[in-house]
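Only one structure is covered here, and it is reproduced in the block below.
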Amino acid sequence: MAKSHGKIALLILFTSAVVLAGWYYDGSRLLRADLRPVVIHDVAELHTQTGRPPRTTNSTKLPLSNGTARPTTMSQPNANSRKTCQERTKIVFIKTHKTGGTSFVQILHRFGYLRNLSFVIPSRRNIGSIKEVLGAMNLLYPKGLKQKSNYLPPQGGAFDILAYHTIYDRKAIVNVFNEPENVTFVTLLREPLSQLRSSFNYYHFARAFNIVSETPLATFLQHPLRYNPRLRLPSLTKSPMAMDLGFPPTAVISATALSLRNQSEKYSSTIRDFVRKISEEFDLVMVTEFFDESLVLFKRTMCWQLKDILYYKSNGYIYAQKEEIISERLRQSHKRWDVVDYPLYEKLNHTLRDKINELGNDFLSEVDHFKMVNAKMHQFCIGNASERDYLVIEKTAWNDMFVITPSFCTLAKLGIRCYMTLLRDRNLRFRNGSYAKFPTNNAYEPLTRIDNDKRYGQGFYTDRYCRICEDIKRDCTLNEYLTHLFHEKLIHPSDTSFYVSVHGGRGPVEKTLEE
């Protein structure tokens, strides 16, 4: 009998130790589903020492058609793919319209958020009608950087990241950033007809141009000047990417008129000089059609980790214009209408592909590895992969070992409005001296208990935790906000009922959510 009790006691001790170790390993373990609060304290990344695989010399060239060629088998990574370098954190991303830039902005958001970097944030809050909200989010466009009142002062004395719509103006940007020589300039281009298809759907051009047709895009391309005679900012059909990158509106009007008059897409010296200028002034021009390749190249340029560039696609839509067949004659019509974007895209698309070709099989294999890890992250974050509370990505020559936790999943899926609002709130708290860190001793102020509060979560929307609480309520889910509070260390895990108790069962807040 005594032996039996002894075994039971040992089993209980062992089980408790495992649960406690698991809780300590993952920070306060929180729930992964959309309604479940998640903790930000990621597991520390482990670094193990392994030998390098042999270097390969064979390379596979990228064809100049859409799509990339791949080696038949994944090549062994070479030592050059993980050169010792220092992480770079100062970035200017010129966000062009309808090119997939929001997906990249979300990568920048997460990277900067986790490192408490200072963003150039529009000063106007996202309140009012949809039109007013969009106006506030795009306050830096077209040339809002020239007025300091359009953006909040930097958090901590200097800006680190510019990620929102603004027209590229090198002089204005340099005046905003300290040590501009340390800033990396990046932008994103998309095949022009594909960009027009996306704009046509997103901005409801068929309705705006009063086009009644089963093939509205083709109808527009037959007589674009008839439907879109005036040039406005942002220019959404007439060389929009070039204008976002600073090509003068008057020059767009002249170049387009000349192209239409001559029925030729020959490019003037003004256009060629502009394309050369962008090529020389930007450290990296990414391409939507090679988005994953662009991200891996960006990672290498910035000396980031593979985990830093994992992403969800944002603003992806299914729409009729995407599949609408456009004849070769209408494609040529679009080239004459979109006369600056085509040479811009063609030149910088070739530049990107040349870089990829030079890097060879090792780079292409890293892209394949990145896609595989990104797919694993997606599977884990929807909660169907396993019952584990973390996903371990083993070390390779392209990445150190790292762990994906439910908290990372939440941050990877945060919307752009929520990120902007949380960053704005952090900036205000920081500059108002209320950016309180959680104390390292036990003398912290207890939380407002909300177990019996029928208005669940109201206790967190107070001055103790936020400055623009109503904005956060509107732009972020409760789950996203609680994740933010954990990351800011405004809530201590042991003072909440969110973590799984070592005695089993669930805390009252989780029970409330399930009901």
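At a glance:
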{"read-out": "Mean Cα-pair separation over length for segment 193-325, i.e. relative contact order, pairs under 8 Å, 6 or more apart, %", "value": "29 percent"}
{"read-out": "19 Å Cα-Cα threshold exceeded, pairs from Lys307/Lys371; Lys171/Lys355; Lys95/Lys143; Lys307/Lys347", "value": "Lys171/Lys355; Lys307/Lys347"}
{"read-out": "Glu346 accessible area, 1.4 Å probe, all protein chains in place, Å² to nearest 10", "value": "70 Å²"}
{"read-out": "Formal net charge of residues neighbouring Asp169 (Cβ-Cβ distance under 9 Å; K, R +1; D, E -1)", "value": "+4"}
{"read-out": "Rounded to whole Hz, the Karplus (6.51, -1.76, 1.60) HN-Hα couplings of segment 159-169, x for glycine and proline", "value": "7, 10, 9, 10, 10, 9, 4, 7, 6, 4, 9"}
{"read-out": "Lys/Arg +1, Asp/Glu -1 at C-beta; segment 150-282 dipole; positive extreme among Leu196, Gln155, Thr184", "value": "Leu196"}
{"read-out": "Heavy-atom SASA rank of Thr396, Thr237 (probe 1.4 Å, accessible area, largest first)", "value": "Thr396, Thr237"}
{"read-out": "Total formal charge among the other residues, if their Cβ is under 10 angstrom from that of His97, Lys/Arg +1 and Asp/Glu -1", "value": "+2"}
{"read-out": "Accessible-area ranking of Arg110, Arg467, largest first, probe 1.4 Å", "value": "Arg467, Arg110"}
{"read-out": "In nm, spacing of pseudo-spin labels at Ile211 and Glu281 (7 Å Cα→C-beta vector)", "value": "3.2 nm"}
{"read-out": "Karplus-derived 3J(HN,Hα), 6.51/-1.76/1.60, for each residue of segment 252-259, Hz, glycine and proline x", "value": "5, 4, 5, 5, 5, 4, 5, 5"}
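The values are calculated or read from the model by the stated rules, or taken from the named source; none is laboratory data. Please read these numbers as outputs of a predicted model, since none were measured by experiment. Positions of Cβ are backbone-derived with ideal geometry, glycine not excepted, and every protein chain shown enters the neighbour counts. Calculation scope for accessible area: heavy atoms of the full protein, side chains included, ligands and nucleic acids excluded. Shrake-Rupley method; radii C 1.70, N 1.55, O 1.52, S 1.80 Å.
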